[in-house]
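Each reported figure results from applying straightforward, stated rules to the coordinates on display, with no laboratory input. The shown structure was predicted, so the numbers you read here are calculated from the model rather than taken from an experiment.
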Amino acid sequence: MSTISEKDFKKLCDDIYMDRFQVYAFNPNVSRREVLLWMLLGCLVSLLSIPILEQPSVFNGSSADPYGDAIREVVLAHTDMGFDPDEYLLELSRKIESE
């Protein structure tokens with residue numbers, strides 16, 4: 001897979017949220033939002049077969065939302081039909097905050 005559709009991105013966000021308690025257990029030392037975005041980014045990198053040298057860095061310290069920014073970068077670079085991933089990231093964040 002080299003591109004992702006809006007429908008598939010939404011499904012991926014929904015599926016990760018459904019499995020959130022398992023995902024939280026993978027990395028309990030960070031916020032719930034950050035760990036879900038970490039998993040979402042990892043899934044995108046894997047599904048889209050993004051080579052290591054093309055993966056956005058989340059460790060350079062220049063962003064207040066490193067995983068969110070990296071996800072946006074990946075999605076915008078790997079979609080034929082441009083869509084705004086922020087809508088789905090915001091929805092995911094709202095769900096987490098309401099727990």
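Before moving on, here are some points about what is shown:
- Between ASN27 and GLU54, the contour length at 0.36 nm per residue exceeds the Cα-Cα span by 7.3 nm.
- Its residue count N fixes a reference of 2.2 N^0.38 Å for the chain, and the Cα radius of gyration divided by that reference is 1.02.
- Maximal additional length on extending the ASP19-THR3 stretch stands at 3.4 nm, based on 0.36 nm per residue less the C-alpha distance.
- Over the chain: helical MRE at 222 nm, DSSP H runs n ≥ 4 each giving -39500 (n - 2.57), nearest 500: -19000 deg cm²/dmol
- For segment 60-99 versus segment 7-38, the gap between their alpha-carbon centres in whole angstrom: 12 Å
- When you restrict to C-alpha pairs under 8 Å that are six or more residues apart and normalise by the size of the chain, the relative contact order lands at 38 percent.
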